[in-house]
Structure formats: structure tokens, C-alpha cells
Amino acid sequence: MNLTEEEQKEVVKVLKSQMLTLLAGEVVKNFEREFANYIGVKHAIGVNSGTAALHIAIAALEIGPGDEIIVPPFTFIATASSILQNNAIPIFADIDNKSYMLDPDSVKKKITDRTKAIIPVHLSGITADMDPLLDIAEDNNLYIIEDACQAHGAKYKGKKVGSIGDLGTFSFYPSKNMTTGEGGMITTNNSKLAEQCRLIRHHGEPSWYVYNRLGWNYRMTEIQGAIGRIQLKKLDGYVKIRNKNAQYLTDKVKDFKGIDPPYVPKYCEPAFNYWIGRIHPEIIGLTKEEFIEKFPKSKVLYPIPLYQTKLFQQKVAYPKGCPWSCPFYGKEIDYTKLKLPIVEKVTREIFALDIHPKITKEELDDNINIMKNLGNK
């Protein structure tokens, strides 16, 4: 988190105004307009987390019981749990071995008559390859929801993520490229979807005591909006520093034996959130667990595919087996039998390093020296 007196002053203004909710104030509305302009879309809807953004986006598309959404298993749980929260079924497709994003060929194999959407994840500031996924979606009449929770400011072929699919979702958690403490945003060019997102965010209520659909209280606060407006002004500067730090690590590590830097595809202008490295256990003579133990400054990133977690292995989302037991679904999924070879290999070899704006050159060099010693045996 990188907050200064600028954010503090704007928070104090909100406190003095006594208008702490977006239902009474103008700060969140201003933040939404500014964020929409930054991403290059018509609409942005401020919410209280990235998870809420995903939950709302799926609900706005009327996806629910009996429906399937294809997702990668190499991501934070919210990408998949937001599907379950809408009583739909996550279907896991494998990832690309270099970018770690959804593999379009694997996605094609997972499409059924129940498939309604695809959620590509722009992982750690690197963009998914969107054109093949957009083609698949068009050919099969599917929606695309971009999970851009780790990629604020990243571009795919010159377009900012969050402006490419039907809906984009962002998180403003403290570890992200910009923060509001907690908070999130939904982006779209579709005015009807934007209207539904705003309804769902506030109890399905277009005006007081009028309830047009099922909704939740997922509102962003005016304090979050105040922080977000200042953070947005700084975002490009933050991204520049993050990218510079990432490039510094990559330049130093690229010739080390047994350790690979992140792969940045030609179509991507990154906005690094973390620096994702990859070890080759057979070269460095260490498993990932042994590597992490000798390299305490690294972070464990998604240690197993999501489908191998208890939530999916035992299908414990809702009582009585829902949504998998839903009569509208009428199918049987056994995640214990699912084998996706690329993601299972990747999760045994991936680690992450901080590159945030506050990190020092000395800290980066410390990481480089440890990797040099471990990767050049």
C-alpha cells in the first residue's frame, strides 16, 4: 500500500461532509467516471471488493442454476467461487505453459450446451490472449468476463484490460497496482448490463423501497472512492515503477540456469503486479518447497490448482450438494478425476516476488543474489 497525505486530505473532506455513502455523496460517482475514462469504457460501477465485482458481473448476465462458466484453475479462489455464489458450475480449462493464462484449445474442449461464459484472468499484470477467446465466445454465443483484478493499466494490443470483454472486473485490495483499502470496480460498454450491475450492487433497488430483482449490499463507500480518485491519478506512475523493477529482475535473472523470468507475450503491454518466476527442479536440484525454504523472500503463488482444493474435491459450496446437485443441471462432475497436466506442473514450479513502488534496489539485489546462488549450482 502506498498512501500519502493526498489521500488523507481527501478522506478528511469526506468525513467533514458527513456524506459517507454513495447514496448521498458524489465522490464514488466521480471516481466511477474517471475510472471508466481511464479504461476506455462507457460505464464503471464501484463496489466493495473484486469478489463482489465478479459476483455481480455473473449475476448481471443472468447466469445461474444449470449453467457452466469456464475458468482457469491457476487463479485466486474468487474467480471460481463467484460462479458458485451464483449457483452455477465452474469448469476448469488448462493454461498455457509460458503465459500461465487460459489455453484457448483447452477452453474449446470444455464447451458444452450448458456453457454460458468464459472468465480469462489477466495474471499479475500480464494479459491473457484475448482474440482466440473472443472468437470462441462469438462462435458459441458466450459472454466474456475479464478478471483484471491483478492488471490495472495493462494493455492487450493497445486496449486496456477491462475494455475488451462484455464486462471487466477489478480489485483495489492493498496488494494491487492501486488500492482503496478494500474495494472493486466493474467496467462495461453495455448500458443495460451497467444498469443491472448498479441494481444488484444495491439490493436490486432502483429507488427507495422498490425492489426489482435480487441484489446485495456491495456498495463502495465515499471514503474508498476518495482514496481511489487519488490512487488512479498515480496509477500510471506506479505501473512504470513496477515494470521497471520487473525488468531489472528479468535482466539479471534471464541467464541463470534453472530459473525463468516471466514471459511477456508480444501482444501485451504489462502492468506488473508481482514478478512471477519459475524454477526447473531437475536443473537446480531442489523442489519448489525446498527452494522456498532457502529463499524466504519469495511468495507461494497458488500452490495447487483450484480443483484440487477441498471446496471442489468434496463439493462443499452449499448444503445438500448445491449447486452441483441442482436439478436444472442434471449432470455429474467429479473434480477428483480431473487432470490438467500444464497447470499441475506449473503450480509445482512457480514463485512470486514483490516489485511494488516502495521496494528498494537493495531488496531487489538481495533477491537476485539468492536466485543466482540457487540457480547456478
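Run down the lysines and flag those whose C-alpha is under 18 Å from the C-alpha of Lys331, throwing out any fewer than 8 positions away in its chain.
Filter leaves Lys109, Lys110, Lys116, Lys315, Lys320.
How much mean residue ellipticity at 222 nm does the chain get from its helices, if each DSSP H run of length 4 or more adds -39500 (n - 2.57) and you divide by all residues, to the nearest 500 deg cm²/dmol?
Estimated from H runs of four or more residues: -11500 deg cm²/dmol.
Got the relative contact order for the chain handy, in percent, Cα pairs under 8 Å and 6 or more residues apart?
20 percent.
Rounded if a/c is under 1.5, else prolate if a/b beats b/c, else oblate: with a ≥ b ≥ c from the C-alpha gyration tensor eigenvalues square-rooted, which is the stretch 222-367?
Note, shape of the stretch 222-367 comes out oblate.
When a/c is below 1.5 the answer is rounded, else prolate if a/b is larger than b/c, else oblate, so apply that to the chain with a ≥ b ≥ c taken from the square roots of the Cα gyration tensor eigenvalues. Could you put the intermediate results ahead of the total?
Working: a/c = 1.91, a/b = 1.16, b/c = 1.65.
Since a/c reaches 1.5 but b/c is at least a/b, the shape of the chain is classed as oblate.
Starting from the 7 Å offset along Cα-to-Cβ, what nm value, one decimal, do you get for the label separation of Lys299 and Ser17?
With each label point 7 Å from Cα toward Cβ, the separation is 3.2 nm.
What does the extension gain come out to for Glu332 and Glu195, with contour length at 0.36 nm per residue minus their alpha carbon separation?
Result for the pair: 45.8 nm of gain on full extension.
Expressed in nm to one decimal, what extension gain is obtained for the pair Thr112 and Asn37 from 0.36 nm per residue of sequence separation less their Cα-Cα distance?
23.4 nm
How far is it, in nm, from the label point at His202 to the one at Glu363 when both lie 7 Å from their Cα along the line to the Cβ?
For the pair His202/Glu363, the computed spacing is 3.9 nm.
So how strong a dipole does the chain carry about its Cα centre when Lys and Arg Cβ are +1 and Asp and Glu Cβ are -1, to the nearest 20 debye?
360
Mind checking which of Trp208, Trp324, Trp275 has the largest fluctuation in a GNM of the chain, springs on alpha carbons under 10 Å?
Trp208
Peptides 314-322, 90-98, 221-229, 286-294: what's the order by average Cβ count within 10 Å, highest mean first?
Descending packing order for the listed peptides: 221-229, 90-98, 286-294, 314-322.
Please compute the length gained on full extension between Tyr267 and Asn212, using 0.36 nm multiplied by the number of residues separating them and subtracting their Cα-Cα distance.
15.6 nm is the gain from fully extending Tyr267 to Asn212.
Run down the lysines and flag those whose C-alpha is under 29 Å from the C-alpha of Lys13, throwing out any fewer than 8 positions away in its chain.
Those lysines meeting the cut-off are Lys29, Lys42, Lys176, Lys233, Lys234, Lys358.
Only Cα pairs within less than 10 Å get springs; with that Gaussian network setup on the chain, which residue of Asn212, Asn140, Asn86 has the largest fluctuation?
The residue with the greatest mean-square fluctuation here is Asn212.
With the cut-off at 1.5 for a/c, could you classify the stretch 128-229 from its C-alpha gyration tensor as rounded, prolate or oblate?
Oblate, since a/c reaches 1.5 and b/c is not below a/b.
Which percent, to the nearest 5, of DSSP beta bridges fully inside the chain are antiparallel?
Given both bridge residues lie in the chain, the antiparallel proportion sits at roughly 65 percent.
FYI, it's all coordinate maths here, none of it is from the lab. No experiment lies behind these values; they were computed from the predicted model shown. Cβ: placed from backbone, ideal geometry, glycine included. Neighbour counts: every protein chain shown.
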